[in-house]
Number of protein chains: 2
Amino acid sequence: MSSYTAPLKDMHFVLTELARVDKVAELPGYEEAASDVVEAILDESAKFTSGVLAPLNASGDQEGASWADKSVTMPKGFKEAYAQFVDSGWNALSGNPEHGGQGLPKVVAAAVQEMWKSSNMAFSLCPLLTLGAIEALELAGSDAQKAMYLPNMIAGTWTGTMNITEPQAGSDLAAIRSRAVPQADGTYRIFGQKIFITYGDHDMAENTIHLVLARTPDAPEGVKGISLFVVPKFMVNPDGSLGERNDAYCVSIEHKLGIHASPTCVMAIGDSGGAIGTLVGKENDGLKYMFVMMNAARFAVGLEGLAIGEAAYQHAVAYARERVQGRAIEGSPSGVPIIQHPDIRRMLMLMRSQVEAMRALAYSVAAAHDAAVRHPDAAERAKNQAFVDLMIPVVKGWSTETGNELSYLGVQVHGGMGFIEETGAAQFMRDARITTIYEGTTGIQANDLMGRKIAREGGATIKSVIGMMQLTRDEVVKQAGAEFVAIAAALGRGIEALQQATDYIVSNYGADVRTVASGAVPFLRLMGIVSGGWMMARAALAAQDKISSGESDPFFPAKITTAHFYADHVMVTAAGLALEVVQGGTSALTLDEARF
Amino acid sequence: MSSYTAPLKDMHFVLTELARVDKVAELPGYEEAASDVVEAILDESAKFTSGVLAPLNASGDQEGASWADKSVTMPKGFKEAYAQFVDSGWNALSGNPEHGGQGLPKVVAAAVQEMWKSSNMAFSLCPLLTLGAIEALELAGSDAQKAMYLPNMIAGTWTGTMNITEPQAGSDLAAIRSRAVPQADGTYRIFGQKIFITYGDHDMAENTIHLVLARTPDAPEGVKGISLFVVPKFMVNPDGSLGERNDAYCVSIEHKLGIHASPTCVMAIGDSGGAIGTLVGKENDGLKYMFVMMNAARFAVGLEGLAIGEAAYQHAVAYARERVQGRAIEGSPSGVPIIQHPDIRRMLMLMRSQVEAMRALAYSVAAAHDAAVRHPDAAERAKNQAFVDLMIPVVKGWSTETGNELSYLGVQVHGGMGFIEETGAAQFMRDARITTIYEGTTGIQANDLMGRKIAREGGATIKSVIGMMQLTRDEVVKQAGAEFVAIAAALGRGIEALQQATDYIVSNYGADVRTVASGAVPFLRLMGIVSGGWMMARAALAAQDKISSGESDPFFPAKITTAHFYADHVMVTAAGLALEVVQGGTSALTLDEARF
């Protein structure tokens, strides 16, 4: 089985040319993100992920996490790998320096995290959840909570979870029923059952810090009555040592299609008298904090789509080079490696070009996040925040749907061997399948995009983004060569389609939300594809700049070829998607429910 | 978990209104296919598949086939179900009456087989392979071979296999190395290793009749030196009783992504002195016979795409009706079943409409096959055969790719539960994944379509099919109502796209096969989507006829709605696919192999 190699060259290209990490390094507090430091970090991360995480990906899938006596045992090697992960400081990369973190910007963390996810997605979910819990405590925790939990969580010696979902409350958090009963000492006793809790229990860390959504006795109904609590697995003594076992247990784990090494727990909270928890932030404001965490988590899951696509691509290329089967279609004296067959080439190009587009968009959004947080100018912060808010559902929804498509193609490139589990191609497809579901399904991302991010503000932000796309197109039009002609034409048609669909949404969402919303997912795909095409056009321009300035590395012409392919094979779907949005609402909703 | 119910009403509609089973019943030898007989058969088949096969689908997946001591043991219940299958005469449905078959036409068998595949795809592969082996023996077997094997194979008491693939010979049969050494008694000793042999061993039948591709000592190289042999698991004595165990053994089975109950065998043939086989037909003509079998098998695998889509659709609808989650987007007093959410509705319509399109095309092709075989007029036979030859790769390639997409959507409708294996949605997705690979990958179907079926004859058949599509469109244009306006417009655009891509292929295939072939799969998808749209338009016209003649069943307006949806949401992709074919070849092939 082929192994994972971090695509360092492409990562550096995207960081420097498209996400402009140099600009991020000018922001106060991010001065460390100078290019040589970033390069060193990515090099080390590449070694760690290829050497430590990737070798456990297939074995972790085959063995899976196991459960007995209310405890989860991780597959062979995971505990040791996690110890190395913590010792090397990877968990602390983006953490607040006040609590021992390295304070690196999100754009650098994104590249590092992409490597975790490509090399071993099931492993990567543990730090993903920990980072989400850290974010919630940073945002709303008291000083005492921060002091008690953050140093160990940032180091990674303690991990975190998000206890949100209940059997009747999946996408609909209003239906949450877990209860939090205040105690005389200011703590709460928490009672409830939570499901789908990623890394709800495991044996890789000393302690697990659960963040739990629950209702206090007099809380209003619905989403306005949900509070956030911190519930440690082991209580923490005033001196920082671990105390008694708290009353929150993993009572079973799920048998899943993929990510077998990541334990998905059913949590019984408070079955023996109540789990002890403390309130995070204000009562009834839990959902607000959860949404902040969720935005970070949605971005991170979007990275998973990209990362699995990259891993599946590498795996498919390796097989296509080595597998000899059939003559060339134009004739050849003997059999050829299948990478020479036109359709295999087309599939690999579909994988390669869309991975590049997803990476460019994700890192650019991460850089905008950094500016939104740290830019000295308030207007710049607001502008960047609006861009991030618009793009989070796109990065999440589009990248994960695309990651699934690419892992499907990865299996196809392998032919019959792709269906055999030992080959490894099928694992990427199985692991990818959860990414369009958790942290909000694609449908939920699309509703967020169409409703909250576009219709609510009359399309102000998306119109400014379309304006930026148009400026890029104007630059492309100035370039010579058939590739740039094709890229300009495709980007022009893509922008037109996006503009048409946006106008339709802004004009009709208020009057007929139901009909318009039936086109939400096609619109999200359209937005992703055209945003990706914009990024590919920017990449081609940057590559052309390098070529014009005398660079002879074939990496740069390859960037232009890949952008050309994306224009010819991916952007061509834009017009059809816009038609679905604009004219497809009625036929989607006409059929009587009873007729299905 | 929901169970399978055969969609009898839609099957009857397609059989009577689109595939015109009444015309098939007028063909000599098919008089039995009168509508009341067909109805009775489908009713019985529906009971058998819901009652016997469907209940074993999930348990068969979980337990899987197992191997020990060169023998395969089937999961619990399969042996008994197979006995019932044979006793009820299902295996003999389409068999030659001379050898005990019922001689029903392919169009009726297609509907029955769809039910096998929907209810339990892993089970259905056993009769699929048997029917293929029967077809080869019917075509090329000697009278003695027919007499020895066919009665038991048609009854199903003996099953069949196709031993084709070898480790170095997957898609490329020229690379086959198995040897056949002639003996003094007229038999051959066969030696070789075969892989991916479906039902190469199992415990459901008394005997297994292997059809094996191998080379005789003086055979020419490549595909012109391959012969077909019949190699029974147990030798057959002159009185028909079973004799000695032959030297062909299953030495291991594969650990696969799906169809766990279907044993995929590595066969060691002749390791202890040589397996005894007899030549089928003429020496070195094996590939010719294999292609006839393959066309039947490709059609049958196309049915699998449709069948899995149907099963996934039923499963998703059942969940979407019962799962209450979230308020209606336009507001509702409390939570609603998710079938009311617009995006869920869109996904279910995508599933429903494409299943209907695939079924209509597949049954129509089956009816054309029946006419190609039995029509008294030679010109009619030839015309129908040309249509079948053109459409086989479309039914196979398009229906299986679509079946995968639909089972993917089925998981998505289930949200988080879709990722949990016990729900059953994921199994459809895993089982479907092989269908675009075996019996020739989608790439191979697409090359066959573009090269052998279109370019070679200058597009004669496809042009006549486009002409038929145009006639249907002319009828649609005459209808009143917004649905028909939309259907006519979409079909018109689809025909235009197909025409444009066809012209490009016919004009350029000879001069630059490599570039043109890189668009083969997008072309196959285009052809499938537009052919499906043609069928949906025919269905809408037939439904409108019923409505105009006073039928009040809501089934008929639903047909028009579904065709309208297909026009708005599926046909819209046609133009982009044509662009990929016509302009995408260069960018697909430019990148240097070393740069991947």
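Taken together, the values in this text are just the output of simple stated rules run on the coordinates, not laboratory data. Note that the structure is a prediction, hence the values are computed from the model and not measured. Ideal geometry is used to build each Cβ from the backbone, glycine not excepted, and the neighbour counts take in all protein chains shown.
Values computed for the structure shown
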read-out	value
Charge sum, other residues only, whose C-beta stays under 10 Å from A:ALA58's C-beta, Lys/Arg counted +1 and Asp/Glu -1	-4
Relative contact order [Cα under 8 Å, 6+ residues apart], chain B, whole percent	13
Helix-only [θ]222 nm of the protein assembly as shown, DSSP H runs n ≥ 4, -39500 (n - 2.57) each, per residue, nearest 500	-17500 deg cm²/dmol
Candidate lysines - alpha carbon under 21 Å from B:LYS478, same-chain residues fewer than 8 apart omitted	B:LYS546, B:LYS559
If the convex hull is drawn through the Cα atoms of region B:450-584, its volume per residue in Å³	90
Using alpha carbons only: equivalent-ellipsoid semi-axes of region B:274-334, gyration tensor based, whole Å	54, 12, 7
Dimensions in Å of region B:342-398 - Rg and Dmax from alpha carbons	15.3, 52
The protein assembly as shown - charge dipole about Cα centre, Lys and Arg +1 at Cβ, Asp and Glu -1, debye rounded to 20	1120
Region B:131-187 - Debye-derived log10 I(q)/I(0), Cα point model, q = 0.18, 0.23, 0.24, 0.27 Å⁻¹	-0.82, -0.99, -0.99, -1.02
Per-peptide average of other Cβ atoms within 10 Å, ordering A:402-408, B:181-187, B:341-347 highest first	A:402-408, B:341-347, B:181-187
Taking the convex hull of Cα positions in region A:61-120, its mean projected area over all directions (nm²)	5.5
For A:VAL513, net neighbour charge (Lys/Arg +1, Asp/Glu -1) across residues whose Cβ lies under 15 Å away	+3
Options A:HIS99, A:VAL521, A:VAL324, ranked by Cα towards positive dipole end of chain A, top entry (Cβ charges)	A:VAL521
Equivalent ellipsoid semi-axes - Cα gyration tensor, region A:299-457, angstrom	38, 16, 12
Given charges at beta-carbon only (K, R positive; D, E negative), |dipole| of chain A in Debye	1000
Volume of the Cα convex hull of the protein assembly as shown, divided per residue and given in Å³	168
Candidate lysines - alpha carbon under 16 Å from A:LYS256, same-chain residues fewer than 8 apart omitted	B:LYS256
Other protein chain Cβ atoms within 10 Å, averaged over every residue that makes up B:171-182	2
19 Å Cα-Cα reach of A:LYS396 towards aspartates and glutamates, excluding residues that sit fewer than 8 places from it in its own chain	A:GLU114, A:GLU135, A:ASP172, A:GLU304, A:GLU310, A:GLU356, A:ASP370, A:GLU405, A:ASP431, A:GLU439, A:ASP448, B:ASP343
Cys with no candidate disulfide partner in chain A (beta-carbon separation under 4.7 Å rule)	A:CYS126
Region B:398-444 - Rg and Dmax from Cα coordinates, angstrom	11.5, 35
Under the span-like rule (Cα at least 27 Å along the axis, Kyte-Doolittle mean at least -1.0), DSSP H helices of chain B	B:121-140, B:286-322, B:342-374, B:378-413, B:482-508, B:520-548
Burial order of peptide ranges B:358-369, B:321-332 (average beta-carbon count within 10 Å, highest first)	B:358-369, B:321-332
Peptide-level mean, for B:555-566, of C-beta atoms on other protein chains within 10 Å	3
For region B:189-246, radius of gyration divided by Kirkwood radius, i.e. Rg to Rh on alpha-carbons	1.03
Summed residue charge, Cβ within 15 Å of B:ASP87's Cβ, Lys/Arg positive, Asp/Glu negative	-1
Protection proxy ranking, peptides A:229-240, A:546-557, B:417-428, average beta carbon neighbours within 10 Å, highest first	B:417-428, A:229-240, A:546-557
Calculated P(r) tail over 30 Å for chain A, as whole % of Cα pairs	53
Other protein chain Cβ atoms within 10 Å, averaged over every residue that makes up A:339-351	6
